[in-house]
1. Between L14 and A151, what length comes free when the chain is fully extended (0.36 nm per residue of separation minus the Cα-Cα distance, one decimal in nm)?
2. Please give the direction-averaged projected area of the C-alpha convex hull for the chain, in square nanometres with one decimal.
3. Could you please report the charge total around G171, scoring K, R as +1 and D, E as -1 over all other residues with beta-carbon less than 9 angstrom from its beta-carbon?
4. I need the phi-derived Karplus couplings for the range 54-61: 6.51 cos²θ - 1.76 cosθ + 1.60, θ = phi - 60°, integer Hz, Gly and Pro marked x.
5. Kirkwood Rh, the range 14-77, all Cα pairs: how many Å?
6. What FRET efficiency comes out for D25 versus T81 if R0 is 25 angstrom and r is the Cβ-Cβ distance? Round to the nearest 0.05.
7. Just order 18-24, 42-48, 89-95 by mean Cβ neighbour count inside 10 Å, highest at the front, would you?
8. By average Cβ neighbour count within 10 Å, what is the ranking of 152-159, 129-136 from highest down?
Amino acid sequence: MPVPDRSTRRPRRLLRDLTFESVLDAILDGTLHPGERLFEDDIAAWLGVSKTPVKEALARLATQGLVDIEANRYTRIASVTIADLLDTFELIGVLHGEAMRHARQLPGDETAPLADQLVEALAADDATCADIVRETTVFVDRAGNPLTRRAAEPLDHRAAFLSQHVSIGLGEPALRPSVAVFAAAVSDRRWLEAGDALVELLGRETLGPAVAGLDDIPAVPDTRRAAR
């Protein structure tokens with residue numbers, strides 16, 4: 001067969017990246033639970049890889065706050081605490097809010113469908129803070145700042161993980177005024193105000209009262225192997 005030109009070849013996916021994505025998916029879909037012990041050889045056997053890409057993937061997940069590693073003691077899925085939840089959403093609000101402010105520089109025909117989709121998501125009866133994060137990620141992508149994207153991605157992953165176990169509905173009385181301000185700014189495509197409103201909505205002062213009665217999620221006991 002003719003050898004394809006180098007410029008047309010698809011980029012080769014690194015095994016460590018594929019391993020990272022597989023474990024990340026298992027964390028985000030709830031297959032792996034908070035506090036669950038992880039063993040490198042088990043993961044290697046599951047994915048059919050050596051332990052080297054597993055080590056690299058777990059180290060990367062640790063930098064994102066999804067895995068806790070204590071050398072020579074344990075590797076486990078991170079715990080879920082209300083404090084972490086508030087910290088994570090507050091930082092996301094800052095980054096996503098800045099990206100939304102940038103939307104004022106984009107063509108109107110490009111931002112109109114984004115605004116409509118976001119307003120529709122906010123109006124859903126079961127809408128949550130996790131939905132806001134997911135729906136505003138597109139603004140981070142459109143902002144065209146790779147540094148912002150790299151900073152936001154691990155936080156977005158952590159928010160998705162935390163929200164698997166603690167859901168903050170936008171219908172909470174403490175959130176309704178801020179949600180209304182944010183939705184109105186988005187609907188009118190007043191992007192500077194929308195960015196500011198998002199920072200306020202996901203900030204600790206707003207979310208704190210909404211989660212005041214919630215407890216941290218206890219880690220699952222490891223009944224398979226206490227040590228290895």
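1. On the way: separation 137, 0.36 × 137 = 49.32 nm, distance 2.14 nm.
Between L14 and A151, full extension yields an extra 47.2 nm.
2. On the way: hull surface 65.1 nm².
For the chain, averaging the hull's shadow over all directions gives 16.3 nm².
3. Computed value for this residue: -2.
4. Here the 3J(HN,Hα) series is 5, 4, 5, 5, 5, 5, 5, 5 Hz.
5. Working: mean 1/r = 0.0870 Å⁻¹.
Its Kirkwood hydrodynamic radius stands at 11.5 Å.
6. Values: r = 23 Å, r/R0 = 0.91.
That pair, D25 with T81, gives E of 0.65.
7. Numbers: 18-24: 18.6, 42-48: 14.3, 89-95: 21.7.
Listed from highest to lowest mean packing, they are 89-95, 18-24, 42-48.
8. Working: 152-159: 20.2, 129-136: 21.8.
Highest mean packing first, the order is 129-136, 152-159.
A short reminder: the numbers here are calculations on the coordinates, not readings from a lab. Quick caveat: nothing in here was measured; it's all calculated off a predicted structure. Cβ atoms come from the backbone with ideal geometry, glycine included; neighbour counts cover every protein chain shown.
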